């Protein structure tokens, strides 16, 4: 802190200096030791500390939230009665001295003025030394006043910092399945065997930004007992994602059906395909979509509710229909080609499951059944109510003595239910068992059709 004493010879009797009135006599000596302290501050965008973040985009390019070159305003608390001269020096943390560009290292503020500007940045906007560092790092690029000449100057707060927070470079890897990361598969258990091919699924590894080193990933299967893990095979068993790449080659996973044959019971399996990444700070394989989740339903039911019309409709002209207990109406209404006005009804009274037996007179290789129902529209609520069952079971027989259940499925209310048999089944007799929707207490069935692969 500096103090100055002036000798001033004046003819006038008063002067006003820095807001102070002095009585002046000729050859009077003025002592300005009590002139107010004048702090110096350095600000950019209204702050002495300005924060900038550095992140990597999808191409691996380092992007800063604001430009690194900043113009700082160096200000006095009050205008000085004399010229102020200040030495300006850079404030650097983790930035080499030879990388910076400073507009001036000596700032002069004329008497009566209160501020001046100094610009600091990187030479030619060269950030290569930051890009070469893939770790998380904090940098500082700012200014401070190292010396000042002027009246009662205080440099204690004369520092401004641009604080640069750069993130760690890290590629986030996901396992991208051909049909998504969570899928469901169904397999049918029939005659002590699993119908259909072994389960398989294909996927790739994808990165949100290019790999900065060769990344080796191995794979494991979880969710099945250890005795069957050897039957699960990844092809290839491991992959290497080379430097600069954002995607692996395709990986195919397959497993034999043996793990589903240990019991005849219906089962569910939640299989998880995982990747194992070696030790590295430059990539991670975790979080959302870091696994492939396969839900396998093993069922003895071969029934599948479909939206499309089935093919191979059988001629019903010589069929007979037998209505079980609780039904009202003529069973022939179900095969009279009138699916709008003729129907049979089953109210929920003592039993909530209504049975109907169709006799096709011949044995067919059946692939599906369609049932149609009456409905009503409630003008008050704006809802449509379908008098369809909430659950349907289909049984078949060739002699009406030995019956085989093809399974049971649940269905939402709809005008028609198209049920496909996933395995063609030989039968002459078909037993339909519908469970009443307790909200309506009634099934009103208007039409029944069967489909064969032979026609």
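Every read-out reported here was derived from the displayed coordinates using simple, explicitly stated rules and does not represent laboratory data. Given the structure is predicted, the values throughout are model-derived calculations rather than measurements. Neighbour counts are summed over all protein chains in view; Cβ atoms, including those assigned to glycine, are modelled from backbone coordinates with ideal geometry.
Some observations on this one:
- Take the Cα of residue 146, go 7 Å toward its beta carbon, and the backbone nitrogen atoms of region 75-104 under 17 Å from that spot belong to 85-104.
- Between residue 114 and residue 399, full extension at 0.36 nm per residue minus the direct alpha carbon distance yields a gain of 91.8 nm.
- Taken along the Cα-to-beta-carbon direction at a fixed 7 Å, the label points for residue 306 and residue 238 span 4.5 nm.
- Cβ-Cβ FRET estimate between residue 254 and residue 286, R0 fixed at 30 Å, reported to 0.05: 0.75
- Using 0.36 nm per residue and subtracting the Cα-Cα separation, the extra length available between residue 59 and residue 105 on full extension is 12.7 nm.
- Spin-label pair residue 420/residue 156, simplified geometry with 7 Å Cα→Cβ offset, distance in nm: 8.3 nm
- As a rough footprinting exposure proxy, the listed residues 37, 355, 304 were ranked by other beta carbons within 10 Å of their own, and the order from fewest upward is 37, 304, 355.
- Inter-label distance for residue 191 and residue 176, nm, one decimal - labels placed 7 Å from Cα along Cα-to-Cβ: 4.3 nm
- Identified option (computed volume of the Cα convex hull per residue in Å³; candidates (1) 276; (2) 186; (3) 312): (1)
- Placing a label point 7 Å from the Cα of residue 165 along the Cα-to-Cβ direction, the residues of region 45-79 whose backbone N falls under 15 Å from that point are 49-56, 64-66.
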